[in-house]
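> Before I ask anything, here is the structure I am working with.
What follows draws every value from the coordinates through simple rules; no lab data is involved. Being a predicted model, the structure only gives us computed values, none of them experimental. Every residue, glycine as well, gets a Cβ built from its backbone with ideal geometry; the counts of neighbours run over all protein chains shown.
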Amino acid sequence: MLRPELLALAAALCWAVGSLFSARAASRMGTIGFNRWRLVFACSVLWVAVGIGGRWSPLAWSDTVLLSLSGLVGICIGDTALFACMNRLGPRRSGVLFACHALFSALLAWWLLGETLWGAALVGSIFLVAGVMVAVLWGRRDTEQHIWEATRGRLLVGVTLGLTAALCQAVATLMVKPLMAAGVDAVAGSAVRLSAALALHVLVRALRYPPAQLNAPLQLADLRNTFFSAAIAMGLGMTLILLALQNGQANLVGMFSSVSPVLLLPMLWVVYRARPATGAWWGAGMAVAGTALILWR
């Protein structure tokens, strides 16, 4: 088994890859409609994995309730807010706002679980979070004006949505930490979380809530991109986070999972054939140095 920090880092990679598939589909389908279809695909993948792997074992009612609440907070509210933010600010700026969940995780873990960071781990965490912020804030050249850099609507609304998504991610992670430490299977736990979120989405759709309707007719390309986003970011990424929480500190898991914006920068380079600005390299270097310090400790 990999170290918890490396599992969280792998989850961050999954989220970065997933965001490449998400941006255009979320914009076309609408935030809630996109998230609903993403949950359909992710739940299907996870429950098939549970069935094939024989991972299911009956959960206590209290465990099921806590997993479900975590799914509602982190996925229904958090993911919806994140993609609404992405539709307004693009994946780069929404990424730096979402990366704030590392700070929220550290504070909540200290307050609720008594987890603290000292010495090399504390210095490394500061470098890592600061590196993420620097890489994303100063990772774009002034000449880059592609669609993912446009601001749609009020900037304050987008910032509020991004910070809401970050807070929900931190709270949802802290909610399931005790369960994962007690040995709940990560794949089954992830399937329960996503299923609870999907149930609420289906209810909202059945009530004909206008924003829950699709903005445009479904296209094969949208469904394909949504499936890959669901399988990689939700199915694999969220399961890796739960695995990391089984043996790792919640604050460090939050720190390492926050580096997805840094991992996204070279991917955007490949997509748009534009080398990231100098600030991106400085930020990435700080994040790598912070990661090395934490692992060394």
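> Would you list the membrane-span-like helices of the chain, meaning whole DSSP H runs whose alpha-carbon atoms span at least 24 Å along their axis and whose mean Kyte-Doolittle value is at least 0.0?
Flagged H segments are 4-29, 31-53, 119-137, 155-181, 186-206, 278-296.
> Roughly what would the spin-label model give for ALA199 and THR160, points 7 Å off Cα along C-beta, in nm?
3.1 nm
> Rounded to the nearest 0.05, what FRET efficiency do ALA206 and ASN247 have when you use their Cβ-Cβ distance and R0 = 51 Å?
Efficiency, from the Cβ-Cβ distance: 0.80.
> Starting from the Cα gyration tensor of segment 1-59, take the square roots of the eigenvalues, sort them a ≥ b ≥ c, and report rounded, prolate or oblate (rounded when a/c is under 1.5, otherwise prolate if a/b is larger than b/c, else oblate).
Working: a/c = 3.14, a/b = 1.31, b/c = 2.40.
Oblate, since a/c reaches 1.5 and b/c is not below a/b.
> Does the chain come out rounded, prolate or oblate, given a ≥ b ≥ c as the square roots of the eigenvalues of its C-alpha gyration tensor, rounded meaning a/c under 1.5 and, failing that, prolate meaning a/b above b/c? Write out the running numbers ahead of the final one.
Numbers: a/c = 1.68, a/b = 1.03, b/c = 1.63.
Oblate, because a/c is 1.5 or more while a/b does not exceed b/c.
> Using a Gaussian network model of the chain with C-alpha springs under 10 Å, which one of ALA102, ALA23, ALA120 is most mobile by mean-square fluctuation?
With Cα springs under 10 Å in the chain, the top fluctuation among ALA102, ALA23, ALA120 is at ALA120.
> Please build a GNM for the chain, connecting alpha carbons under 10 Å apart, and tell me which residue among MET267, MET286, MET255 fluctuates the most.
Of MET267, MET286, MET255, the Gaussian network model singles out MET267 as fluctuating most.
> With springs connecting C-alpha atoms under 10 Å apart, model the chain as a Gaussian network and identify which of ALA42, ALA250, ALA181 has the largest mean-square fluctuation.
ALA181
> Separate question: How big is the dipole moment of the chain about its Cα centre under a simple scheme where the beta carbon of each Lys and Arg is +1, that of each Asp and Glu is -1, and everything else is neutral? Debye, nearest 20, please.
About 700 debye.
> If you take every residue apart from ALA172 with its C-beta less than 12 Å away from the C-beta of ALA172, what net charge results, scoring Lys and Arg +1 and Asp and Glu -1? Before the final figure, lay out each step's value.
Numbers: positive: LYS177, ARG193; negative: ASP79.
After counting each charged neighbour, the total is +1.
> A further question follows. Under a 5 Å amide H to amide H cut-off, with H placed in plane at 1.01 Å, what residues pair with ASN215 once short-range neighbours are removed?
GLY30
> If you don't mind, another one. Under 1.5 on a/c is rounded, so check that first for segment 168-297, then, if it is not, pick prolate when a/b is larger than b/c and oblate when it is not; a ≥ b ≥ c are the square roots of the alpha carbon gyration tensor eigenvalues.
oblate
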